[in-house]
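See below for the structure under consideration.
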Amino acid sequence: MTIAESLLRLQLSIPEHVKIVAVSKTKPVSAIMEAYAAGQRLFGENKAQELVAKQAQLPAGIEWHFIGHLQTNKVRYIAPFISLIHSIDSLSLLKEVNREARKINRIIECLLQLYIATEETKFGLTLDEAKSLLGDDSLPELKNIRITGVMGMSSFTSDTALVRLEFRTLYNRYKLLKDQFFSLDDHFRELSMGMSDDYPIAVEEGSTMVRIGTSLFGNR
């Protein structure tokens with residue numbers, strides 16, 4: 001199956017209001033161009049150096065998302081062009097994104113990464129940590145970032161009931177944070193959850209954005 005055929009199959013299986021982020025990490029520029037030619041515009045990378053190298057070679061019409069763990073010292077490399085950072089997991093990282101965005105007069109949209117999995121290896125904020133971040137006195141001063149929602153990753157497991165429970169937990173936390181901190185802000189609207197193995201469950205549980213690699217590009 002070609003990348004274009006895989007993209008069409010994905011589009012037909014996902015409601016129109018759910019965005020597809022094509023996870024192009026480790027994939028060559030040629031594969032990204034195949035997806036681009038088929039109409040895909042949102043692409044996600046998880047390493048700053050790889051993203052910068054690809055961005056320079058690819059069309060300006062691509063909307064780049066950063067989906068991996070972001071180190072503060074790498075923010076400056078992606079700040080000039082990044083559309084959305086999915087993985088904000090600390091106030092210090094948010095401040096660094098704001099600092100780099102301010103230098104170039106940009107506003108960078110960000111998602112708070114929330115920890116929902118049973119595994120110890122995943123990054124992310126607990127609900128209490130997210131509340132603390134959003135209630136911090138310094139947050140209103142960060143004029144060059146915009147928090148537009150949350151992201152989370154389920155456990156890597158074949159237990160679909162557990163995956164569904166984790167996604168439902170994430171949806172409930174998203175709603176709670178929206179009600180408490182963003183009740184008047186239309187821009188807090190994104191719930192990034194679901195990957196190739198579990199996106200159908202994520203969509204059923206309220207995802208607005210799925211991150212798809214293998215189901216689009218094939219196995220790594």
- Examine the range 181-201 for a residue that is in a helix (DSSP H, G or I), surrounded by 17 or more Cβ atoms within 10 Å (Cβ to Cβ) and in contact (Cβ under 8 Å) with a residue 60 or more places away in the chain, and state whether such a residue exists. yes
- Kindly establish whether E119 is surrounded by fewer than 13 Cβ atoms within 10 Å (Cβ to Cβ) and either in contact with a Lys or Arg (Cβ under 7 Å, 6 or more places away or on another chain) or in contact (Cβ under 8 Å) with a residue 24 or more places away in the chain (or both). yes
- Residues of the range 131-160 that turn out to be part of a loop (DSSP other than H, G, I, E, B) and surrounded by 13 or more Cβ atoms within 10 Å (Cβ to Cβ), as a count: 9
- For the range 31-100, which fully contained strands (runs of 3 or more DSSP E) count at least 3 residues that are surrounded by fewer than 17 Cβ atoms within 10 Å (Cβ to Cβ)? none
- Message: As an exercise: evaluate A35 against (1) touching a residue at least 60 places away in the same chain (Cβ under 8 Å); (2) touching a Lys or Arg at 6+ places or on another chain (Cβ under 7 Å) and give the number of the one condition it does not meet.
- Response: (2)
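Every read-out reported here was derived from the displayed coordinates using simple, explicitly stated rules and does not represent laboratory data. Note that the structure is predicted; figures quoted are calculated from it, not measured. No Cβ is skipped: glycine too gets one built from the backbone with ideal geometry, and neighbour counts run over all protein chains shown.
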